[in-house]
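I have placed the structure first, in the form of structure tokens, so that the comments after it can refer back to it.
The values are calculated or read from the model by the stated rules, or taken from the named source; none is laboratory data. If you're wondering where the values come from, they're calculated on a predicted model, not measured in any experiment. Don't worry about glycine lacking a Cβ; one is built from the backbone with ideal geometry, like all the others, and counts go over all protein chains shown.
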Amino acid sequence: MQVHEKMSKNVAHCRADTTLAQAARKLWDSDCGALPVVDERSHVVGMITDRDICMAAMTTGKALGALRVADAMAKDVATLRTTESLHEAEMQMRARTVRRLPVVDDQGRLIGLLSCNDLIRWVDDTSAPTSRELDATHLLRTLATIGRARRAQPVRVVNHPRNHVRTNSLHATPAAMAPEAPIATRLEAAAKAP
């Protein structure tokens, strides 16, 4: 089965100069978690997620209306062609650890989006002539790879109008601002204490 058979069409998207407030509104109105970012010719130049928007606001301390999509979007975006197989698309999602890939035409213009949810519906389609058990096992492995926890990065504190904000950086957070250790770590330490 090919990408064009399961991709979403008429995909909500935005431009790099769109404010994060406008992008957040579009995500809300479209009931989606990510927007492809396109240039004036509809070529994909990035992706922005609801998480990207939240982290940009938190790390800068600025209002969403004061930030642009270009400030927070992922710029290294893989794309799919309509004629690629769903298995090829799934392997690209796994390799890139992403949940969605924009679909482009021969000129590189956005024409759709393929998501993990589209792949789940494909595997769950009882009318599809595929080896469902093998596809489901393969997809589960892909979802596990995509969802694997990433290593935490050091943080630094930046001035924020309301208080201090933690951001990714090579500087450590002061002890007073340091997050509490995960419960499993605290339990292990308590078990080892005399």
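The residue of segment 40-67 that is farthest from Leu113 (Cα to Cα), among those that are surrounded by 14 or more Cβ atoms within 10 Å (Cβ to Cβ) and of a type in the set (Asp, Glu), is Asp52. Residues in segment 72-92 that are among the β-branched types (Val, Ile, Thr) and touching a residue at least 60 places away in the same chain (Cβ under 8 Å) were compared, and the one that is surrounded by the most Cβ atoms within 10 Å (Cβ to Cβ) is Thr82. Out of everything in segment 21-34 that is in contact with a strand residue (DSSP E or B) (Cβ under 7 Å, 6 or more places away or on another chain) and within 16 Å of Asn10 (Cα to Cα), what residue ends up being surrounded by the fewest Cβ atoms within 10 Å (Cβ to Cβ)? Restricting to residues being in contact with a strand residue (DSSP E or B) (Cβ under 7 Å, 6 or more places away or on another chain) and within 16 Å of Asn10 (Cα to Cα), the top hit is Gly33. Only a single criterion out of (1) assigned to a loop (DSSP other than H, G, I, E, B); (2) at pLDDT 95 or above; (3) crowded, with 16+ Cβ neighbours inside 10 Å; (4) not aliphatic (A, V, I, L, M) is not satisfied by Pro102, namely (1). Comparison of Gly46, Gly61 shows that the only residue that is among the small types (Gly, Ala, Ser) and at pLDDT below 95 is Gly61.
Considering segment 6-29, and only residues there that are in contact (Cβ under 8 Å) with a residue 60 or more places away in the chain and of a type outside the set (A, V, I, L, M, F, W, C), the residue that is farthest from Leu114 (Cα to Cα) turns out to be His13. Taking the criterion of being within 18 Å of Ser8 (Cβ to Cβ) and assigned to a loop (DSSP other than H, G, I, E, B), the residues of segment 35-83 that qualify are Ser42, Val77, Ala78, Thr79, Thr82, Thr83.
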